[in-house]
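Values in this text are rule-based calculations from the coordinates and carry no lab data. Computed from a predicted structure; not experimentally measured. In this analysis, Cβ positions are derived from the backbone assuming ideal geometry, glycine residues included, and neighbour counts consider all displayed protein chains.
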């Protein structure tokens, strides 16, 4: 495209089309979608007003579009203009709308994306809605997660030399010795005991959740925050939660309240995975008993080779490294296939995981099962 054609294209996007724009320039492909996103807010030709429709899902789609087509600084301006010009604050505050719309993870993502430009009154209403969604997710996921993690910790602590009678698992001991059944005595002679090691009151595993907070990861950020809060409530785990874009923020001290944690995130921006991994390495004190979970689409804006080197160093030190391309119900994610393949070559598969499968994934990690094989059976690998 010549310089003149590019200038005309930009003027066409600015002027909005129609007989009066004078450019005579048509739009194709992504430009058509960019034009529609701009028109939703700025198209007031012939007395018409832009609009996104009176529905939160349509607003959510529009927010996703502008994050795709425009840089972060422009997105922030467009969000602020949309709130002022189209009265989206009123839309998000209307009791009728909040009662009619089923609060879900996607709506939470919309509210979090608007957080930095949202007036105080709207923010309080948004916080209440986010809390409702978070509480529902906790009711759905917490018990399953605690049961899976506790069971895995118990299984990993099994021993064939229990020190006390109280530590013997009689059910498993009997099943393991059925071949020693004596019919004349009507009894089983246990030649091998199965029991539990002394239950440890100290931390048994360190878990670090490292979450990409770029705009495309909104649902994953919500689910990760809920799971992080559940894991942090278990004394047998030391759980840390880190979010990142081009900078890194440690939100571990907010794990007691996932709603506050979510409002501490900032969706959008660039991505520096290498920097986030470097910070996370400093949180790990017992590599052989640590699980590092990176949740990212792997589009690296930092130093790619250094990122891969750090992952390799963690695995060599004994850390169980897991890479999730998404933690959501949104289906197959977009991700950097080259980086996913490089990780898989190091024995670290990258795959998307649904929230319902995550508790079993944690159990597999605690028991140090083959995560690649687990992913093939449960979710299918991304790489």
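Measuring r between the beta carbons of residue 369 and residue 116 and using R0 = 56 Å, the FRET efficiency lands at 0.85. Classification of segment 218-261 by its C-alpha gyration tensor yields a prolate form. The axis ratio a/c (a ≥ b ≥ c) is 1.5 or more, and a/b outweighs b/c. In terms of packing, defined here as the mean over residues of other Cβ atoms within 10 angstrom, the peptides 350-361, 175-186, 276-287 line up highest first as 350-361, 276-287, 175-186.
What is segment 174-325 by shape, rounded, prolate or oblate, if you read a ≥ b ≥ c off the alpha carbon gyration tensor as root eigenvalues and call it rounded for a/c under 1.5, prolate for a/b larger than b/c, and oblate otherwise? Since a/c reaches 1.5 and a/b is larger than b/c, the shape of segment 174-325 is classed as prolate.
The calculated FRET efficiency for the pair residue 354 and residue 312, based on their C-beta separation and a Förster distance of 25 Å, comes to about 0.35.
Specify whether the C-alpha gyration tensor of segment 292-383 places it in the rounded, prolate or oblate class, a ≥ b ≥ c being the square roots of the eigenvalues: rounded for a/c under 1.5, otherwise prolate if a/b is larger than b/c and oblate if not. Oblate, because a/c is 1.5 or more while a/b does not exceed b/c.
Ranked by the mean number of other Cβ atoms within 10 Å of their residues, highest first, the peptides 220-226, 33-39, 269-275 come out as 220-226, 269-275, 33-39. Annotation: peptides 104-112, 76-84, 230-238, ranked by per-residue average of other Cβ atoms within 10 Å with the highest first, follow the order 104-112, 230-238, 76-84.
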